[in-house]
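Structure first, commentary second.
The values are calculated or read from the model by the stated rules, or taken from the named source; none is laboratory data. Bear in mind that the values here come from a model prediction, so they are computed numbers and not experimental data. Counting neighbours? That spans all protein chains shown, and the Cβs are built from the backbone with ideal geometry, glycine included. Remember, those area values only see protein heavy atoms, side chains included, never the ligands or the DNA or RNA. Shrake-Rupley method; radii C 1.70, N 1.55, O 1.52, S 1.80 Å.
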Amino acid sequence: MLKLSGSNLSGHDVVRAVRQGWVISLDTAQLEKVAQARELVLRLLESGSPVYGINTGFGKLSETSISRESVAELQRNLILSHSCGVGEPFSGEVVKAMIILRANALMKGHSGIRPEVIRLLIELVNQNVVPVVPSQGSVGASGDLVPLAHMSAVLIGEGEAYYRDQLLPGAKALERAGLAPVALEAKEGLALINGTQAMTAQAVLALYDSDILLKSVDVAGSLTMEALRAIPHALDERVHALRPHQGQILVAANLRRLLDGSRLVHGSDHGRIQDAYSLRCIPQVHGATRDAYKYVEEVINTEINSVTDNPLLFPAEGHVVSAGNFHGQPVALALDFLGIALAELGNIAERRIERLVNPQLSGLPPFLTESSGLNSGYMIAQYTAASLVSENKVLAHPASVDSIPTSANQEDHVSMGSIAARKLGSILANVQNVAAIEILCACQALEFRDRSAMAPATRAVYELVRSVVPPLEEDRVLAGEIKVVRDLIVSGQVLKAAESTAGELD
């Protein structure tokens, strides 16, 4: 069970809840604070004083007063008018994470929504009602209005949703799940959609999968170092102590543990003084991405325990403040940074793949096949890796440096954070595939080395790969094998195999 209180929620717990089907519950004591904020909304309505989003229009229409009799219609119209997204729908995982994160923000007790609306929101997850949410349409301020509106439309019996994998109208999906739609009241529509949860939902999933990938690329690099009989001096602990970036130190330590006991790299006559950068600088490059990851993780864990709508209510003081916590810039910058950092993992891995398949650089048979010419071996696998890293260079262009004014220039600077999040997901998938290609090529290269001289950790990974992909003796279709190894990486099995002898990697 995952209990939401508005505080101390971790992104990793959100992902586990979504992927493992945890039950979501609400902290009873915190619901009392939610109710207190709701009472303030009612007092403000009674006073008749103009308050943004409660008895006024939205955005540029904030100067338009709304009568007491029309405030409920105002909230419903808000959801309907903002449900104008386009493009492929988000995955069910992203949508469920959005719901959990939005509910957690509302549980802070500064949004003025009724507790029963939050309860219905989490029941969507508990009953496996998954709103259809198009992935395009958000500019990242005022928050992710469009995707959150599609999410919220199902609460009022509109839109579409999947129930037990069947696509249904929103009202019918609720009915099948034993739930009833809600009639939104003052401030509630705005509270539901004014936030950063579409970009942040994608962020928590990307961070979770990146955590596995960061360690798995160290494993891939260690396999390549053995296959190319790399010089291990560059991993010397004393070297990294002189430039003590934490990520660099961790990666060097991982590689030392992964290569411990290898006679392919240790105690060998390498016949050269130093290796190419793609081998020698693995700690520096992988480590810099580690440091970027830690920064982004801190930003996202702050964001998912924050209040990100507008206006904000302070029940103890009886105050309401219109401000800008919906602006996605902190998240947008962080996700652009992580996208750039992950792209660099792909860049250096592709260069290691080239060294594996190029006989002038490896001293191994051309393209890792003994019958080259008749067979192309892994020649074109390197093409695929090159294609993926080239695509990542385009995707790594930051979305957060762009802004197009909206709402008749009232909202004159926006974050484009949802675009940064979608690009990050694509970059992550591309790097996972590049890592799979590196592992495939390194294992094939090790067919031409003394495998009894491998380190125990790399040997365990080699044997895992060989349990699903046989050595390449003549040309065959490789696409399925790349996917199989990618699945081993994503599921954590590559990492688990390495850690079975090397111990838990940092």
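Over 24 Å between Cα atoms: which of K96/K172; K3/K33; K108/K423; K423/K483; K393/K496; K96/K423 fall into that group? Walk me through the numbers on the way to the answer.
Working: K96/K172 19 Å; K3/K33 16 Å; K108/K423 30 Å; K423/K483 21 Å; K393/K496 30 Å; K96/K423 20 Å.
As for pairs spanning more than 24 Å Cα to Cα, those are K108/K423; K393/K496.
Could you rank the peptides 32-38, 353-359 by their average count of other C-beta atoms within 10 Å per residue, with the highest value first?
Numbers: 32-38: 18.9, 353-359: 20.9.
Going from most to least packed, we get 353-359, 32-38.
HN-Hα J couplings of segment 11-28 from phi, Karplus 6.51/-1.76/1.60, θ = phi - 60°, integer Hz, Gly and Pro as x?
Calculated HN-Hα couplings, in order: x, 5, 5, 4, 5, 4, 4, 5, 7, 10, x, 5, 7, 9, 10, 10, 5, 4 Hz.
Which FRET efficiency, nearest 0.05, do N126 and D269 yield, Cβ-Cβ r, R0 60 Å?
On the way: r = 63 Å, r/R0 = 1.05.
The pair N126/D269 has a calculated efficiency of 0.40.
Taking amide hydrogens as modeled 1.01 Å from N in the peptide plane, which residues meet the under 5 Å criterion relative to L4, leaving out close sequence neighbours?
Counting only residues 5 or more places away or on other chains, the set is S25, L26, D27.
Report the net charge of residues surrounding I282, where surrounding means a beta-carbon distance below 9 angstrom and charges are Lys +1, Arg +1, Asp -1, Glu -1. Don't jump to the answer; show the numbers that get you there.
Details: positive: R280, R352; negative: D218.
Taking every other residue near I282 into account, the sum is +1.
Using θ = phi - 60° and the Karplus relation 6.51 cos²θ - 1.76 cosθ + 1.60, list the HN-Hα couplings for segment 398-406 in order, rounded to whole Hz, with x at every Gly or Pro.
Using θ = phi - 60°, the values come out as x, 6, 6, 7, 9, 7, 10, x, 10 Hz.
Quick one: net charge of R355's neighbours, Cβ under 14 Å, K/R +1, D/E -1?
Details: positive: R229, R272, R280, R351, R352; negative: E226, D275, E350, E354, E438.
Spelling it out: positives minus negatives among the neighbours equals 0.
With r as the distance between the Cβ atoms of R68 and K172 and R0 = 22 Å, compute the FRET efficiency 1/(1 + (r/R0)^6) and round to 0.05.
Details: r = 33 Å, r/R0 = 1.49.
Working from the Cβ atoms, E equals 0.10.
Counting only protein heavy atoms, what percent of the accessible surface of segment 83-210 is carbon or sulfur at a 1.4 Å probe? Mind dumping the intermediate values first?
Working: 1740 of 3670 Å².
After summing per-atom areas, the C and S share lands at 47 percent.
For segment 182-192, what does the Karplus curve 6.51 cos²θ - 1.76 cosθ + 1.60, with θ = phi - 60°, yield as ³J(HN,Hα) per residue in whole Hz, taken in order and with x for Gly and Pro?
10, 9, 5, 10, 3, 6, 6, x, 5, 4, 6
Quick one: dipole size for the chain, taken about the Cα centre, charges +1 on Lys/Arg Cβ and -1 on Asp/Glu Cβ, in debye to the nearest 20. Could you put the intermediate results ahead of the total?
Working: 43 positive and 55 negative charges, 107 e Å.
I would put it at about 520 debye.
Summing Lys, Arg as +1 and Asp, Glu as -1, what charge do residues with Cβ under 13 Å from the Cβ of K215 carry, K215 excluded? Write down the numbers at each step before the final one.
Details: positive: R257, R290, K496; negative: D209, D211, D218, E499, E504, D506.
Surrounding charge for K215 is -3.
Assign unit charges at the C-beta atoms only (+1 for Lys and Arg, -1 for Asp and Glu), then state the dipole size of segment 348-506 relative to its Cα centre in Debye, rounded to the nearest 20.
Details: 14 positive and 19 negative charges, 22 e Å.
Here segment 348-506 has a charge dipole of around 100 debye.
Give the angle, between 0 and 90 degrees and rounded to the nearest 10, that separates the Cα long axis of helix 479-490 from the longest principal axis of the Cα atoms of the chain.
Once rounded, one gets 70 degrees.
Dipole of segment 413-477, Cα-centred, from +1 at each Lys and Arg C-beta and -1 at each Asp and Glu C-beta, to the nearest 20 debye?
On the way: 7 positive and 7 negative charges, 75 e Å.
That gives segment 413-477 a dipole magnitude of about 360 debye.
Using DSSP to call loops (not H, G, I, E or B), can you name the trypsin sites (Lys or Arg not before Pro) in segment 162-221 whose Cβ has at most 15 other Cβ atoms within 10 angstrom?
Working: sites: R164, K172, R176, K187, K215; in loops: R164, K187.
Hits after loop and neighbour filter: R164.
Using a probe radius of 1.4 Å on heavy atoms only, what accessible surface per residue do you get for the chain? Whole Å² is fine. Walk me through the intermediate numbers first.
Working: 20420 Å² over 506 residues.
Computed with neighbouring chains in place, this is 40 Å² per residue.
For segment 371-506, which whole-number percentage of the solvent-accessible area (1.4 Å probe, protein heavy atoms only) is attributable to carbon and sulfur atoms? Provide the component values of the computation, followed by the final result.
Working: 3110 of 5880 Å².
Looking at segment 371-506 in its full context, I get 53 percent from C and S.
Tell me which residues come under 5 Å, amide H to amide H, from E411 once H is placed; ignore anything under 5 positions away on its chain.
For E411, the qualifying residues are T406.
Determine, for each peptide in 233-243, 130-140, 320-330, 188-198, the mean count of other beta carbons within 10 angstrom over its residues, then list the peptides with the highest first. List each step's numbers first, then the result.
Details: 233-243: 13.5, 130-140: 23.5, 320-330: 18.0, 188-198: 30.2.
Peptide ranking by packing, descending: 188-198, 130-140, 320-330, 233-243.
Can you give the angle from 0 to 90° between the axis of helix 282-303 and the longest principal axis of the chain, with both taken from C-alpha atoms, to the nearest 10?
10 degrees
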